[in-house]
Amino acid sequence: SVVLNVIRTLLADWDLTITRTAAGLRRDAGLLSKTSVASSLPRVQAFESSQGVLQRQIGLHHVTLRNIGDADVQVPGCDRDQVALLRDLAFVDGDGVDALDRRVSRLEVFKQTRNTAIVMIALAIGLYFLISWWSLLLLLPVPFTWATTKRRVRLRRWGLDTDAIADHRELWGWQRKEILMRKANGVKVSQSLFERKRGLASVQVQLAGGLLASGSFTIGMIPLEQAEAVRDRVLYVVETDQRAYM
């Protein structure tokens, strides 16, 4: 699998070049066949940067400029300066978010652990009559879920500024997603039964890409007041900003 992945990367990203044009950015890459992807900077929906476990060791980042449809501009192997340059290009008419000073509720740990425990206990009871005490091994995912969710919640950060909102998620690697509020197509606040009983809510900012992962920006398990404040801020920016981006 490692060899196949290296071959795939060589074929797809050989001689990768990012060119700044009068209209925006153009990405050219490929060994046997060459692919060129172009995007107008004002149409960039979201800026994403990430590091996997190996990338953290060698100091490289993967940057994605999210666009409508399948025209995302993927730029692997960036150093810090290149990430900063691409971010400045993506937010050429905005400042972005510098400080991520907000967190999600620690009740997320209890929620995820409880849900996993319910499923695993039911399976263990059902299989007890087939495999006897071996069915208790099905309970091992419960402490694993608790440990990973606790780490994920402890490292999760999000924040918003006058014109942008950003979310940082981390486990072993990390990913940061950032959008300009004025490019939102819609925003909604919702409460699950678990959140409603605890005064929490989720806020979802919908982009032109739709409800897929690349077309939405969701922060859950935050106080209802914060979720409503984010909604109101996004709606205010969308309704008052007159700049066109599509």
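The values are calculated or read from the model by the stated rules, or taken from the named source; none is laboratory data. Computed from a predicted structure; not experimentally measured. Here the Cβ positions follow ideal geometry from the backbone for every residue, glycine too, while neighbour counts run over all protein chains shown. For accessibility, only protein heavy atoms count, side chains too; no ligands or nucleic acids. Shrake-Rupley method; radii C 1.70, N 1.55, O 1.52, S 1.80 Å.
Three principal axis extents of segment 47-166 based on alpha-carbon atoms, in descending order, are 63, 32, 29 Å. Rolled with a 1.4 Å probe across the full set of protein chains, the surface gives residue 101 an accessible area near 120 Å².
Computed over protein heavy atoms with a 1.4 Å probe, the accessible surface of the chain works out to 58 Å² per residue.
Rounded to the nearest 20 debye, the dipole size of segment 98-246 about its Cα centre is 460 debye, using +1 on the Cβ of Lys and Arg and -1 on the Cβ of Asp and Glu.
The modelled label-to-label distance between residue 22 and residue 118, using points 7 Å beyond Cα along the C-beta direction, is 6.0 nm. For a straight C-alpha distance cut-off of 21 angstrom, no lysines are reachable from residue 183 once same-chain residues fewer than eight places away are disregarded. Rolling a 1.4 angstrom probe over segment 93-225 with all protein chains present gives an accessible area of which 62% lies on carbon and sulfur atoms.
Ranked by accessible surface with a 1.4 Å probe, highest first, in what order do 119, 189, 75, 3 come?
Per-residue accessible area, sorted high to low, gives 3, 119, 189, 75.
Excluding same-chain residues fewer than 8 positions from residue 150, which lysines have a Cα within less than 22 Å of its Cα? Filter leaves 111, 177, 197.
Could you grab the relative contact order for the chain? Cα pairs under 8 Å, six or more apart, rounded to a whole percent.
For the chain, the relative contact order is 16 percent.
When each of the peptides 20-32, 165-177 is scored by how many other beta carbons lie within 10 Å of its residues on average, the order from highest to lowest is 165-177, 20-32.
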